[in-house]
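In what follows, a single structure is set out as structure tokens and then discussed.
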Amino acid sequence: MKDIFFCPEESNFYSNCLENFVLRNCKNYESIVEFGSGDGSPVINSLLRNNFDGIIQGFELNTSAWKVANSTIDEYELTNKYIIHNSSLFNSSQPDAEYLVANPPYLPAPDNDIYMPLLFGGVDGATVTNDLLSLGYENVLVLISSFSNPTSTLNLAKKNGYCVQNFMVLPLQFGYYSSDPKVKNHIEELRKNKMAFYSGDYYFLAGVLFNKCQDSVIDLSNQLAQVMTSL
């Protein structure tokens, strides 16, 4: 979904979250499912820096991004570790895995008639993220924006039995796509209803590792909520 239009800073942040929260904690031969692999660069970079003996199955709708990803996977001889399907995870058989990881589309707008429709995350920006947290995977790593109704995501995660095991936060400036007047004006309206949080031209992007609460002795949900609504 969020194909080759990752900003470099966001892509690196996703890689760091993937490495620190998932790859370095995986036991041997665990499997990972990725939603919206894009050009594959965050995962490829992470695999090149870490020893990982499992398999990552990615799903990417954008055919151009999928082709770029597979070319790079072949170049670095990662075909035994990273497989990307040119399809949607939601329309697939949803393979079993210990982890689901994603940097999902999170731009809020009244509709998807925006500069980059593939970045549309629903009216409040949280639709795709919340759908991912409804698939039932034991551990879920997602990036969450402070202007995309983060409270709804945390509430849904709790309802679905998830705790926040870990998170890290990156301050980002509004970029080209989030500064689209249609998007920015909509975010301002969400802010009035306490569904978006930002300060000036800055918002927070959080990498969040959710896991099923029965397996966790840690729940940082309240701390994350305080951070994401503080702007």
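The residue list ALA196, PRO108, ASN50 was ranked by how far each Cα lies along the charge dipole of the chain toward its positive end, using unit charges on Cβ atoms, and ALA196 comes out on top. Region 152-231 has equivalent-ellipsoid semi-axes of 27, 13, 10 Å, by the square roots of 5 times the alpha carbon gyration tensor eigenvalues, sorted largest first.
What does the convex hull of the Cα atoms come to per residue for the chain, in Å³?
Values: hull volume 25.4 nm³, N = 231.
Hull volume over Cα atoms, normalised by residue count, gives 110 Å³.
Every cysteine in the chain with no other Cys Cβ under 4.7 Å from its Cβ, please list them in numeric order. Flagged as lacking a Cys partner: CYS7, CYS17, CYS26.
Taking the dipole about the Cα centre of region 129-231, with the C-beta of Lys and Arg at +1 and of Asp and Glu at -1, give me whichever of ILE218, ASN166, THR151 is farthest to the positive side. So the residue we want is THR151. Could you give the length gained by full extension between GLN94 and ILE55, i.e. 0.36 nm per residue of separation minus their alpha carbon distance, to one decimal place? Gain in length upon complete extension: 12.6 nm.
With charges set only on the Cβ (+1 for Lys and Arg, -1 for Asp and Glu), what does the dipole of region 19-109 come to about its Cα centre, in debye to the nearest 20?
Values: 5 positive and 11 negative charges, 26 e Å.
Here region 19-109 has a charge dipole of around 120 debye.
Restricting to DSSP loop positions (anything but H, G, I, E, B) with no more than 12 other Cβ atoms inside 10 Å of their own Cβ, which trypsin sites (Lys or Arg not before Pro) remain in region 103-211? Taking region 103-211 and a limit of 12 other Cβ atoms within 10 Å, the loop trypsin sites (Lys or Arg not before Pro) found are LYS194. With both residues required to sit in the chain, DSSP beta bridges show an antiparallel share near 50%. For ASN166, the residues whose modelled amide H falls within less than 5 Å of its own, excluding neighbours fewer than 5 places apart on the same chain, are LEU209. Once the chain from ASN80 to ASN25 is taken as fully extended at 0.36 nm per residue, the excess over their C-alpha distance is 17.8 nm. With helices as the sole contributors, the chain gives -9000 deg cm²/dmol at 222 nm; each DSSP H run of n ≥ 4 counts as -39500 (n - 2.57), and the sum is divided by every residue.
Treat every Asp and Glu Cβ in the chain as -1 and every Lys and Arg Cβ as +1, leave all other atoms uncharged, and give the resulting dipole magnitude about the Cα centre to the nearest 20 debye. Mind dumping the intermediate values first?
Details: 14 positive and 25 negative charges, 122 e Å.
Roughly 580 debye, rounded to the nearest 20.
Using a 1.4 Å probe on the protein chains only, how many percent of the accessible area of the chain belongs to carbon and sulfur? Percent of accessible area from carbon and sulfur atoms in the chain: 47. Fully extending the segment from THR72 to MET168 would add 31.8 nm, taking 0.36 nm per residue of separation and subtracting the current Cα-Cα distance.
Applying a 10 Å radius around every beta-carbon, put 48-58, 10-20 in order of their mean neighbour count, most first.
Values: 48-58: 16.2, 10-20: 20.4.
In decreasing order of mean packing, 48-58, 10-20 become 10-20, 48-58.
Placing +1 on the Cβ of every Lys and Arg and -1 on the Cβ of every Asp and Glu, with no other charges, gives region 124-226 a dipole of roughly 220 debye about its Cα centre.
Once you have the Kirkwood Rh of region 44-91 from its Cα pairs, apply Stokes-Einstein at 25 °C and 0.890 mPa s and quote D in µm²/s. Stokes-Einstein gives a translational diffusion coefficient of 219 µm²/s.
The values are calculated or read from the model by the stated rules, or taken from the named source; none is laboratory data. Quantities reported herein were computed from a predicted structural model and do not represent experimental measurements. As a convention, Cβ positions derive from the backbone with ideal geometry for all residues, glycine included, and neighbour counts pool all protein chains shown. Please note that ligands, DNA and RNA were not included when accessible areas were found on the heavy atoms of the full protein model with its side chains. Shrake-Rupley method; radii C 1.70, N 1.55, O 1.52, S 1.80 Å.
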